[in-house]
Amino acid sequence: MVLKAFFPTCCASADSGLLVGRWVPEQSSAVVLAVVHFPFIPIQVKELLAQVQQASRVGMAVLGTWCHRQQEPEESLGHFLEGLGTIFSHEPWLQLCRERGSKFWSCKAIHRQVSAAPDVPNEDQVMLIFYDQRKVLLSQLHPPTVVSDHQDGDTMASTGGLAVVFDTVARSEVLFCSDQADEGPVRLSHWQSEGVEASVLVELAKRASGPVCLLLACLLSLISAASGCRLWKLWPLPFIRSKLSTCEQLRNRLDHLTLVFSTQKAQSPAQLMRKANMLVSVLLDVALGLMLLSWLHSSNRIGQLADALVPVADHVAEELQHLLQWLMGAPAGLKMNRALDQVLGRFFLYHIHLWISYIHLMSPFIERILWHVGLSACLGLTVALSILSDIIALLTFHIYCFYVYGARLYCLKIYGLSSLWRLFRGKKWNVLRQRVDSCSYNLDQLFIGTLLFTILVFLLPTTALYYLVFTLLRLLVVTVQGLIHLLVDLVNTLPLYSLGLRLCRPYRLADKPSALQ
């Protein structure tokens, strides 16, 4: 008869001791969960197994002995391990042994009750199967836990094959957590044994996370209540908040922190993964922001930026003046309407003059403004990028005004030409029915319409050229702001925790196969 013994790889280098696990008689297989090390008191081992069995409803037993011959004398250890079979009676009794400095294993399964002679034990062949205990437990490939009425916790009828191993390891999690902060009277080896020292810090962090999350949740609720005050709804504050990227990013970060530090437990693995992704995103954002803050405040870089900002603004304004002077002449050899061209050019040149005066008026305060903007990087890189986007919007406000003026003037020309074109065809727009109807016009109406149509047609190239130039300038500014917003959205929504699990521990993201559900 061939017996299957599932042995955890984390116990392959463990010291000698007892094999603790579950025996599945239907499949003639043994699932080893841990190794109990010397020295131990047998009654304490039995009490530990009884406690684990009561908590998990899994039939726990001492399956046999484990011998790792590294430093112990071979003969004395062998006789001692054989004597343990009389204290912990189990059929069959496994004897697993690993020789010192060798990759070969010795596996035996002895039946002491059924034998041909009184002194000759009956042995079975053993098929040793290694499994990664941590991956089996964390991958959650086991079926849903259903507790039976029997104390031994027999597996469900629908569970078979490897599902028994998954179900046994999953339901025996209390055994792995028994020595998380204190080893206790019985020393075990399993997948958490290597992290017993670090588990003390993990346990302290878990116990401190509750009050910390509660305190942060209270602070965030106060901030949310203050932001929802009616004072912020007075005009024009809602309009300003809707136009500033900084306010939008702060609102998003407040929602993220409220979800991360919520005291409510995640209801599903998807919600837990979402909270983990948000937490990693916030931590990365703050770390990048602190790096930016340290870079800005080192070597007086803020002063250098402030000194370079005014010359750059003057250079941009000068280039805009050259562009308008080029448009006021004969751009690309085009024949423009000189009167309209001069009016529009002088109008936009006056706006540029006002903008240069405003920049020079604010120049003494630019360094202090940049210093406070740099401090905002401690809230995260995304907040600093949002403030940068708002600063770009303020510095290019004159370009936005040029675009709005050109767009409005161009739209008026197009609407006027479309209305006069319907007049030529004897049509008109019916406002009530929202359609084009036939209409008869007299001679004076046709004459005035023809005159206005001719004027608008000859003025349209000049207006269209200004509109095209300022639209391209506005598109350039929007492209820069779009790249900044794309970077902000990338930091906010990139699932870094899931990507890290996919690269380092893909079994944590494994789907449940239909055969094990």
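The values are calculated or read from the model by the stated rules, or taken from the named source; none is laboratory data. Because the structure is predicted, anything quoted here is derived from the model rather than measured. Because the Cβ atoms are built from the backbone with ideal geometry, glycine has one as well, and the counts that use them run over all protein chains shown. These area figures cover heavy atoms from the full protein model, side chains too; ligands, DNA and RNA do not enter into them. Shrake-Rupley method; radii C 1.70, N 1.55, O 1.52, S 1.80 Å.
For the pair residue 378 and residue 221, what calculated FRET efficiency results from E = 1/(1 + (r/R0)^6), where r is the Cβ-Cβ distance and R0 = 25 Å, to the nearest 0.05? Please list the in-between numbers first.
Numbers: r = 22 Å, r/R0 = 0.89.
Computed FRET efficiency for residue 221 and residue 378 comes out at 0.65.
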In nanometres, what is the gap between the two model label sites at residue 337 and residue 263, each 7 Å from Cα along Cα-to-Cβ? 7.1 nm
Distribution output for the range 322-442: share of Cα-Cα pairs per 5 Å bin in percent, first bin at 0, values 2, 8, 11, 13, 11, 9, 10, 10, 9, 6, 5, 4, 2, 1, 0
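Taking 51 Å as R0, compute the FRET efficiency from the Cβ-Cβ separation of residue 480 and residue 441 and round it to 0.05. Numbers along the way, then the final one.
On the way: r = 50 Å, r/R0 = 0.98.
E(calc), rounded to 0.05, equals 0.55.
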I need the fraction of alpha carbon pairs in the range 357-404 separated by more than 13 Å, rounded to a whole percent. 65 percent
Calculated diffusion of the range 311-363, Stokes-Einstein form, Kirkwood radius summed over Cα pairs, 10 °C and 1.306 mPa s, µm²/s: 133 µm²/s
So how strong a dipole does the range 344-460 carry about its Cα centre when Lys and Arg Cβ are +1 and Asp and Glu Cβ are -1, to the nearest 20 debye? 640 debye
Which of 389, 310, 352 sits farthest toward the positive end of the charge dipole of the range 301-401, with +1 on the Cβ of Lys and Arg and -1 on the Cβ of Asp and Glu? 352
Report the FRET efficiency, 1/(1 + (r/R0)^6), for residue 304 and residue 397, where r is their Cβ-Cβ distance and R0 is 25 Å, rounded to 0.05. 0.55
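Quick check for me: using +1 on Lys/Arg Cβ and -1 on Asp/Glu Cβ, what's the dipole size of the range 330-413 about its Cα centre, in debye to the nearest 20? Each step should come with its number before you reach the end.
Numbers: 6 positive and 3 negative charges, 93 e Å.
I would put it at about 440 debye.
Could you pull out the trypsin sites (Lys or Arg not before Pro) across the range 264-316 that fall in loop regions by DSSP (anything but H, G, I, E, B) with no more than 16 other Cβ atoms inside 10 Å? Could you put the intermediate results ahead of the total?
Numbers: sites: 265, 274, 275, 301; in loops: 265.
In loop regions of the range 264-316 (DSSP not H, G, I, E or B), the sparsely surrounded trypsin sites (Lys or Arg not before Pro) are 265.
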Quick P(r) readout (the range 363-510; Cα-Cα; 5 Å bins; whole %) gives 2, 8, 10, 10, 10, 9, 9, 8, 7, 7, 6, 6, 4, 3, 1, 1, 0
For the pair residue 235 and residue 319, the simple spin-label estimate (label points 7 Å beyond Cα toward Cβ) gives in nm 3.9 nm
Grab the Cα-Cα distance for residue 489 and residue 15, subtract it from 0.36 nm times how many residues apart they are, and report the gain in nm with one decimal. 165.5 nm
For the range 281-346, Kirkwood radius (reciprocal of mean inverse C-alpha pair distance, Å): 15.8 Å
In nm, the gap between the two label points placed 7 Å beyond Cα toward Cβ at residue 4 and residue 243 is 7.1 nm
Checking the a/c ratio against 1.5 first, then a/b against b/c, what shape does the Cα gyration tensor give for the range 226-307? oblate
Test of understanding: express the Cα radius of gyration of the range 398-483 as a ratio to 2.2 N^0.38 Å, with N the residue count. 1.44
Area of residue 485 that stays accessible when all protein chains are in place (1.4 Å probe, Å², to 10): 70 Å²
In whole Hz and in residue order, list the ³J(HN,Hα) couplings for the range 296-311 that follow from phi through the Karplus curve 6.51 cos²θ - 1.76 cosθ + 1.60, θ = phi - 60°; x for Gly and Pro. 5, 8, 9, 6, 6, 6, 5, x, 5, 5, 5, 5, 8, 6, 5, x
